Amino acid sequence: MNQQQQQQQQDVVFEGNSCVKKVTLNRPRKLNSLTYGMVSQMLKKLNEFETDPSVKLVILKGNGKAFCSGGDIVDLYGHSPPGQWRLKESFYKKQLIIDYLLATYKKPLVALINGIVMGGGAGLSMHAKFKIVTENTVFAMPEVAIGHVPDVGASHFLSRLPGYFGEYLGLTGTRLRGADMIACELATHFLLSKDLHLLENALDKVTSSDTAAISQLLSKFTLGKNDLKEQSAYYTSRLPIINKCFSRETVEDILLALEKQAEIGKEKWVVDAINSLKSTCPTSLKICLRSLREGRWQSLEQCLARDYTISYRTAASHDFYEGVRAMLFDKDKNPKWQPSKLELVTEEMIDQYFVEVKDDKSEPLRLPPRSNSIVAATSKL
């Protein structure tokens, strides 16, 4: 085994007993961001655990202050010029296949989300059967800020949040804390981080895949719904305003509605949403809104296929590389978007990002056949 393979093994750790397996993301200095080697190892091991009759439960967790901050974009895109999709294609396809595997997994999955969870980290955790959050959890899908869009099935799980809260999260990149995630049903259980080790010790003793029994066990350690603070993203008084503004048909109309709301009362979160929409990539905003609206009525398979198509298109775009440059490499936080304004982004431009991939360079995403069906979550409009 060479040094690179040894490092990849250290970046994700597989451990546990005969009945309970643990997958621990182990790049704490990089906020457990995903590399090609990590994704490849996880896909292989998760398939092995699923087919091993002795394995009854799988636990996903992260080492350090993050569960997973997403794909390692600096590593993945820093070594290839715009348009070189093949250098990233294998990584991204495997990532989407893992997301689909987790959503259709035959064994119960428990995601221990203690810390930052963004982008690809949300793809790993939001598709698990049980999603445990703590007071340290910070969730966000901030992709529009770098000229991309929320992917990894986000158009499926965000669009099924109550009302138009998913549009709010996807278009603004607003961060949620653990209590918010419980309130909007992105997570299933909340507990204090100091009790995580007690929960893990109890889960280590599981010898059955009975989800009802596991749910009962989790309930012994977790707390009920917390009272949300006024500054919480899902605070009760915000929701009617979010629904009124983010239900509009276009991004321009959403922005106009927010500006009118700001005239009534300059609430900080409204002003923050306006500033975000005005500074974020105009093309990404329009792609994101359309993807969420389509995803609300589609299956996870359809959403993941569209995620791949959009990512294929954005990989060759000026905006994505400009966003990565400005926010992650040079860090001047002053990206030059093309087009630079919402009104300059036409429907014809957006249509191109939704055209299925059929060329000599690549092909559409092919998800593996799965016998375990997904229980379709319905939209909560």
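The values are calculated or read from the model by the stated rules, or taken from the named source; none is laboratory data. Since we're looking at a predicted model, the values are computed, not measured. FYI the Cβ positions are ideal-geometry reconstructions off the backbone, even for glycines, and counts take in every protein chain you see. Side chains included, ligands, DNA and RNA excluded: accessible areas come from the protein's heavy atoms. Shrake-Rupley method; radii C 1.70, N 1.55, O 1.52, S 1.80 Å.
Data overview
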item: Accessible area in square angstrom per residue, the chain, 1.4 angstrom probe; result: 45
item: Helix-only [θ]222 nm of the chain, DSSP H runs n ≥ 4, -39500 (n - 2.57) each, per residue, nearest 500; result: -13000 deg cm²/dmol
item: Summed side-chain charge close to residue 20 - residues other than residue 20 whose Cβ falls under 11 Å, Lys, Arg +1, Asp, Glu -1; result: +2
item: Solvent-accessible area, 1.4 Å probe, carbon plus sulfur percent, for the chain; result: 51
item: At q = 0.07, 0.14 Å⁻¹, base-10 log of I(q)/I(0) for the chain (Debye sum, equal scatterers on each alpha carbon); result: -0.30, -1.26
item: Relative contact order (percent, whole number), the chain, Cα cutoff 8 Å, 6+ residue spacing; result: 18
item: Percentage relative contact order, region 265-347, counting C-alpha pairs under 8 Å, at least six apart; result: 31
item: Mean Cβ neighbour count within 10 Å, used as a protection proxy, ranking 144-155, 40-51 highest first; result: 144-155, 40-51
item: Within a Gaussian network of the chain (alpha carbon springs, distance under 10 Å), most fluctuating of 335, 364, 53; result: 53
item: Where a label projected 7 Å from the Cα of residue 185 along Cα→Cβ would reach, residues of region 100-131 with amide N under 18 Å; result: 126-131
item: Packing-based ranking, highest mean first, of 200-208, 175-183 given that Cβ atoms within 10 Å are counted; result: 175-183, 200-208
item: Full-extension gain in nm, residue 45 to residue 299, via 0.36 nm per residue minus C-alpha separation; result: 88.8 nm
item: Highest average packing first - 305-318, 346-359, Cβ atoms within 10 Å; result: 305-318, 346-359
item: Listed residues 104, 188 arranged by accessible area, highest first, probe 1.4 Å; result: 188, 104
